[in-house]
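Presented below is the structure to which this report refers.
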Amino acid sequence: MDSAEQIAMSHKFEPSISIKYCNARRINVYGSDGRLADGSREVTLTLNRHFDQLAVNTSLSSVLMPADVADTDAAVKNAIEWSGYLDPLFENNYETDPSLSWQYFGSSSGFLRRYPAIKWPPDELSARSHQDMFDFRSSSWYIDASTSPKDIVILLDSSGSMTGERREIAKSVVEAILDTLGNNDFVTVFKFSDQTEELVPCFKDMLVQANMENIRELKNALDSTKSENIANFSSALITAFEILQKYNKTGQGSQCNQAIMLLTDGPPYSYTDIFKLYNWPHMPVRVFTYLIGRDSRNAQEMNVMACDNKGYYVRVSSEGEAREKVLKYVSVMARPMVMYQNDHPIQWTPVYTGGKVTTTLVNFTLPLPPWGSRASNIQSESDTDGQLMTSVSTPIFDRRNYTRRVANLLGVVGTDVPIQQIKKLVPPYKLGVNGYSFIITNNGHVLYHPDLRPLMRHDMIDQKEGETEISVKIHYDDMKRVTTRRYKYFYNPIDGTPFSLGLAIPDGYGMYEVLAEQEIKHSPINAELFQHSTLALEVRGVTLAIDQTADDGKTWGSSPVTEYFKGSNWKVHPDWVYCEYNYASEHRFKSPEEQVFHFLAKIRNPGWKWMSLRPRSPLKDTPHSTMKKMEKDSYFCDKTLMQSLVLDAYATDGMERHNMPSMLKEDKKHFSESNRRAIDEVWYKRAVDHYSIEPDSFVFSVPFDAGAHGKPLVTATHAVFVDHKGHRAPAAVVGLQFQHSTLAAHFLNITSTCSGCKKTCASEELDCYVLDNNGFIILSESAEHTGRFFGHIDGTIMDSLVQDRIYKKVAVFDYQGACSDTKSHYSDAASTLDPTVPVRWFLQWLFGHFLWLAVQTNLYQLWAPEWASANEDDQPLSAVGPGVGISQLGWYVSHQTLSISAVGPGVGISQLGRYVSHQTNLYELWALEWAAAKQDGMYHIKPTSINCGPWSGYQPNRTVCIASHQPLSAVGPGVGISQTGRYVSHQTNLYHLWALEWASTYEDGPLYPDDYETLHVNFDQYPTREEGRMFPNSDVVVGGPDPPQPRPYPSPASSPVGYNRTHPRPCDKKVDLYILQPERLNTSGQSNPLKGKLTNCHVTGCERPFSVQKIPCSNLILLVVDTLCPCGSKQLSITPQEVNYESVSPGGSMVQCRTKPQETMYRRRPPKCMNYHPEESEIGLCGGCSISLSSLRILALCLLVWTLSTVNCSSS
């Protein structure tokens, strides 16, 4: 930090400086002749597992620039020049602490210097998917370090003049502002015309925390705005000031910066009286104004509003410049912090997904780098992409002297911290089974937690030290099982961070641990000598038992340790750190077992040291020159864990000789392959939990889909506890697997043969079930029931079991759920057939044929050109273009040409009158005649040639691909390809399909332009967007705003056929799960049957009795149900369902909210707030509406020419 500022101070700004630097886009770029291309640089790149398994160079950094940042700009060139001297600092930091991830400097001028050097795009998949670098200045690590927390009120003009392009520009500006906000900020959006109202009714009269869920709700609501009536600026400004004043006076919100963002195409006045009443003279609220559109007649009023209220004014005339213009406000809000100079707040970001998982096992996944996504966003394109990360950053100030008063932010330096590295500092084996650690931020959100669940605890948020006891509901098996467990929580603040570390230990058995180690000693003569083993019971650090010598007849010292690790059927936990090299990239292993074996062999070497303590980070003021660098072969080795592992290997040596013959087929995985996570496996946790209920019992389980497989296995487990002086601790879990058919045959044999019984389970009058402690069927007379939830088979009986307190129903909430708005024909709830469905299908088919016939017979010409459209803006369809009509049902019909800019976002028109809606903004559609071939029963896109290249008039590097024209008749009637690559069938021939950001279900993965040899790239012939047509000799007219940037395609390995690109949204979910209450079935120590019956369940008045009995030494019950009474049966679902919350809308009616507003949730504000400096008023920069010098020269020249011409005319 200080070094960077000193380097910047020593640099002299040169407007025409010539620089040489390592451009990430120009690394190792070669021409067709094999020579290095002009402007390219040859750099040696080596694959490094530590850095997201990418090829890097650790001796230098590389510069990455977003597409809209040019290295020809003087400010950019000078910043690149002086920041190059940061490379030695980056390299020294990494050599001192090899656990460091990416280090970077983000310049306020727009480029990112990143260490180690990396080529961009970083891999072939990113290049093929056109993945580009996102502007990092909207990322949390940059924004949070640049500004203090803030309350933002966005005023969006939705009057009648804000239509078409202006409306889309305004939406882009609002989205760009929202992208710059994080968890320490609060925001709301008001739309105003003649009235001012919340954009999201659920956020009425509140500023909401700018977390991911709330930001998404605000963005989604932008599409619902209507442009109508006349703007009432007075009402909007007063509303904004009053809500900010309320939050300031009541101690809510950020209690730091406050600002109003005004977006409009021009106010009639500057409304000085309102600002004088609410904001002057102290100006606690900054005002930033955004003039939307190309009309600058009201620029003066907008400029006055901003300059008189410590804000900034910009004009945004296109969507492409929205983000760059929005970022101007960041440097203004940073001014007080920059002017104080000496205080550099350290900022930690919320958790996000980035990079790749870097375990001993190499995982090849699609990278989602943090410089390409918003840091607070925890989303990714695939569930397997990346790992959880956080970033730490601090600002860099400009300390140079200038002739006028300025406060320049040079940028932000930071580094990424994988959560995996933090978790290594709390070894999970020390917490025991069902114990875990977690970290909470100042906002009450988790940095990491086994279930990623927010755990709101005041003391932890306030970073206090303490402990408490809480009974919690724990769910597992993908929210299908639940148990209740009492935990002891211990928590402590982490110095220098906004985080608090918590430890959750199960009460009772969790407070003790078994210490079982085999001490390993070595000497130059003997490879290793095993002196004695330790078996002790410890109360979280206090030993209750002393060492006891291991003497079982085995001879120690006669063989090396590695002799007990033979074969391939032993596994170690893949996430536990037994031993590892500090420079992991220098030593590669095929598996965690190979790595453990490697270090076991090294223990034999003379001079071996355990190195069980990790190096501490250097103090803040420690000079770089005095930091000790680590050697390439330095390592960490956990002595306790390794010696415990050796004792386990010794104790279980030869156990395989006593195993029964394997009942598994050779093509199935060994048990150790699919159960390598030891105490984290569900069967292990369930066995330990059940020990407190019935110590001698076995816990039985079958897969949930067992009924769909021919030969499922039953898993039976039992927990082994060590007892010492009345204290018990779990030592291990033992078990076996056997064929389900064997158990089923034994069950039917016992329950079907009974002398003197009137009915048995073989009788048709009885149904017999064996259920586990969560209500899942272990055994049934119907094999297809195996593994299913009993309530889904007979919900009526299950409800009765709950009423009789045999099972307890437990409501479980998932506050990290994901929901989709896509409608499905299927539902988890009980449903009935709708007889109108076939009728509706027929009417839709008939209506579609009518539209097709209308187009084919030019019937569209009979329609009036001034029909009112069914879109939400009620705009006349005449503006859409010729040959377009609309019916009362909202169907659009197009003939040859179309332009949908006036129709509104998310609506497209195909040639045959079908329309398509997209969740994002799908502004342009065009007809294409695809050539396709049928393969394996699916139709795959097979264009013979594709034209790809930049689209003139669009955002930088926007690429559009157009397939060549060929008839679709070769495919057959009723086949089409939609925008997302899904296949659409219709009764008539779909001759033209459309595609914008298309991804096909090509047999080898997504379809990319370079999959085909024939490419014709020539875009000079295409006119700009303002000229009307995009493609010469085509039927498509382009007249809408820019489409959004394309998202990366899914990786071929993880992309299913017909990939659905609809992204889920966060939501809260609820499900009712069930727990057996065994004490209800144990009366006087006897497991006597408990009988019940269903009454009044049929018109005949019959009854349906049932009987329940506990099966001893197990987690099972026997349920026998009489089937003679035909009681109706309902189905119970254990699939989590979305929770909707009620809120009051502006009209007073109740509306459904997807997420519960959390403005009152307890949180702790960041410790520092820098929102005021007494000399800030001396800075005169507040945006410009004045005429530039070049414009003045042109004007003077025009006046001179006009004057001369006037004189000549007069003289003539």
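The values are calculated or read from the model by the stated rules, or taken from the named source; none is laboratory data. The model shown is predicted, which means the values in this text are computed figures rather than measured ones. Glycine gets a Cβ as well: all are built from the backbone with ideal geometry, and neighbour counts include every protein chain shown. SASA here: full protein model, heavy atoms, side chains in, ligands and nucleic acids out. Shrake-Rupley method; radii C 1.70, N 1.55, O 1.52, S 1.80 Å.
Which residues, counting only those in the stretch 87-106, are open to solvent by 10 Å² or more (accessible area, probe 1.4 Å), in contact with a helix residue (DSSP H, G or I) (Cβ under 6 Å, 6 or more places away or on another chain) and within 21 Å of residue 20 (Cβ to Cβ)?
89
Suppose we keep only residues that are in a loop (DSSP other than H, G, I, E, B) and hydrophobic (A, V, I, L, M, F, W, C) within the stretch 69-82. Which one would you say is surrounded by the most Cβ atoms within 10 Å (Cβ to Cβ)? Spell out how you get there, then give the answer.
First pass over the stretch 69-82, keeping only residues in a loop (DSSP other than H, G, I, E, B): 69-73.
Still in the list and also hydrophobic (A, V, I, L, M, F, W, C): 69-70.
Values: 69: 19, 70: 12.
Filtering the stretch 69-82 for residues that are in a loop (DSSP other than H, G, I, E, B) and hydrophobic (A, V, I, L, M, F, W, C), the one surrounded by the most Cβ atoms within 10 Å (Cβ to Cβ) comes out as 69.
Name every residue in the stretch 1104-1129 that is open to solvent by 40 Å² or more (accessible area, probe 1.4 Å) and among the small types (Gly, Ala, Ser), in order of residue number.
Passing the criteria: 1128, 1129.
Condition (residue is free of Cβ contacts under 8 Å to residues at least 12 places away in the same chain, surrounded by fewer than 19 Cβ atoms within 10 Å (Cβ to Cβ) and hydroxyl-bearing (Ser, Thr, Tyr)) applied to the stretch 243-265: is it met by at least one residue?
Looking only at the stretch 243-265, we keep the residues that are free of Cβ contacts under 8 Å to residues at least 12 places away in the same chain, and these are 246, 249-251.
Filter again for surrounded by fewer than 19 Cβ atoms within 10 Å (Cβ to Cβ), leaving 246, 249-251.
Checking the rest, the ones that are also hydroxyl-bearing (Ser, Thr, Tyr) come to 250.
Yes: the stretch 243-265 contains one or more residues that are free of Cβ contacts under 8 Å to residues at least 12 places away in the same chain, surrounded by fewer than 19 Cβ atoms within 10 Å (Cβ to Cβ) and hydroxyl-bearing (Ser, Thr, Tyr).
Take residue 5 and tell me if it is modelled with pLDDT of 90 or more and open to solvent by 80 Å² or more (accessible area, probe 1.4 Å).
Details: modelled with pLDDT of 90 or more: yes; open to solvent by 80 Å² or more (accessible area, probe 1.4 Å): no.
Against the criterion (modelled with pLDDT of 90 or more and open to solvent by 80 Å² or more (accessible area, probe 1.4 Å)), residue 5 does not qualify.
Does residue 312 satisfy the condition of being in contact with a helix residue (DSSP H, G or I) (Cβ under 6 Å, 6 or more places away or on another chain), farther than 22 Å from residue 196 by Cβ and not polar (S, T, N, Q)?
Details: in contact with a helix residue (DSSP H, G or I) (Cβ under 6 Å, 6 or more places away or on another chain): yes; farther than 22 Å from residue 196 by Cβ: yes; not polar (S, T, N, Q): yes.
It is true that residue 312 is in contact with a helix residue (DSSP H, G or I) (Cβ under 6 Å, 6 or more places away or on another chain), farther than 22 Å from residue 196 by Cβ and not polar (S, T, N, Q).
Hey, can you tell me all the residues within the stretch 749-782 that are buried (at least 16 other Cβ atoms within 10 Å of the Cβ) and over 11 Å from residue 1117 (Cα atoms)? Show your work before the answer.
Taking the stretch 749-782 and keeping what is buried (at least 16 other Cβ atoms within 10 Å of the Cβ), we get 751, 760-761, 766-781.
Once the filter is applied, which keeps residues that are buried (at least 16 other Cβ atoms within 10 Å of the Cβ) and over 11 Å from residue 1117 (Cα atoms), the stretch 749-782 yields 751, 760, 761, 766, 767, 780, 781.
Kindly evaluate residue 504 against the criterion of being within 24 Å of residue 433 (Cβ to Cβ), open to solvent by less than 30 Å² (accessible area, probe 1.4 Å) and at pLDDT 50 or above. It would help to see each step written out before you state the result.
Numbers: within 24 Å of residue 433 (Cβ to Cβ): yes; open to solvent by less than 30 Å² (accessible area, probe 1.4 Å): yes; at pLDDT 50 or above: yes.
Considered against the rule, which asks whether it is within 24 Å of residue 433 (Cβ to Cβ), open to solvent by less than 30 Å² (accessible area, probe 1.4 Å) and at pLDDT 50 or above, residue 504 comes out as yes.
Considering only the stretch 240-272, state which residues are in contact with a helix residue (DSSP H, G or I) (Cβ under 9 Å, 6 or more places away or on another chain) and in a loop (DSSP other than H, G, I, E, B).
Within the stretch 240-272, 252, 253, 254, 255, 265, 266, 267, 268, 269, 270, 271 qualify.
Within the group 299, 322, which residue is more than 25 Å from residue 139 (Cβ to Cβ) and touching a residue at least 60 places away in the same chain (Cβ under 8 Å)?
Values: 322 fails: more than 25 Å from residue 139 (Cβ to Cβ).
One residue alone meets the criteria, 299.
Give the number of residues within the stretch 63-86 that are more than 14 Å from residue 23 (Cα to Cα) and among the charged types (D, E, K, R).
Residues flagged as more than 14 Å from residue 23 (Cα to Cα) and among the charged types (D, E, K, R) within the stretch 63-86 amount to 2.
Within the stretch 31-46, take every residue that is in contact with a helix residue (DSSP H, G or I) (Cβ under 9 Å, 6 or more places away or on another chain) and closer than 30 Å to residue 587 by Cβ and give me the one that is least open to solvent (accessible area, probe 1.4 Å).
46
Search the stretch 705-723 for residues that are at pLDDT below 90 and pair each with any residue that is of a type in the set (Val, Ile, Thr) and open to solvent by less than 40 Å² (accessible area, probe 1.4 Å) when their beta-carbon atoms are under 7 Å apart and the residues are at least 6 apart or on different chains.
Close Cβ pairs (under 7 Å, with a partner that is of a type in the set (Val, Ile, Thr) and open to solvent by less than 40 Å² (accessible area, probe 1.4 Å)) amount to 706/786; 707/786.
Just the residues that are open to solvent by 20 Å² or more (accessible area, probe 1.4 Å) and over 24 Å from residue 730 (Cβ atoms), please, taken from the stretch 426-445.
445
Taking only pairs six or more apart or across chains, which ones have beta-carbon atoms under 7 Å, a first residue in the stretch 428-443 that is under 15 Å from residue 688 (Cα atoms) and outside any strand (DSSP E or B), and a second residue that is open to solvent by less than 10 Å² (accessible area, probe 1.4 Å) and of a type in the set (S, T, N, Q)?
Nothing qualifies.
Residue 406 passes all but one of (1) hydrophobic (A, V, I, L, M, F, W, C); (2) within 30 Å of residue 82 (Cα to Cα); (3) part of a strand (DSSP E or B); which number fails?
(3)
Anything in the stretch 221-242 that is open to solvent by less than 20 Å² (accessible area, probe 1.4 Å) and within 18 Å of residue 257 (Cα to Cα)? List them, or say none. Explain how you work it out, then say what you get.
Going residue by residue through the stretch 221-242, those that are open to solvent by less than 20 Å² (accessible area, probe 1.4 Å) are 221-222, 225, 233, 236-237, 240-241.
The answer is 237, 240, 241.
Only residues that are in contact with a Leu (Cβ under 6 Å, 6 or more places away or on another chain) and either assigned to a loop (DSSP other than H, G, I, E, B) or of a type in the set (Phe, Trp, Tyr) (or both): list them for the stretch 1112-1133, please.
Matches in the stretch 1112-1133: 1127 only.
Results for (1) assigned by the TED database to the domain that holds residue 242; (2) farther than 23 Å from residue 1068 by Cα; (3) surrounded by fewer than 23 Cβ atoms within 10 Å (Cβ to Cβ), shown as yes or no for each residue.
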position	(1), (2), (3)
163	yes, yes, yes
175	yes, yes, yes
184	yes, no, no
197	yes, yes, yes
201	yes, no, yes
206	yes, no, yes
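For the stretch 56-68, which residues satisfy the criterion of being open to solvent by less than 30 Å² (accessible area, probe 1.4 Å) and in contact (Cβ under 8 Å) with a residue 60 or more places away in the chain?
56, 57, 64, 65, 66
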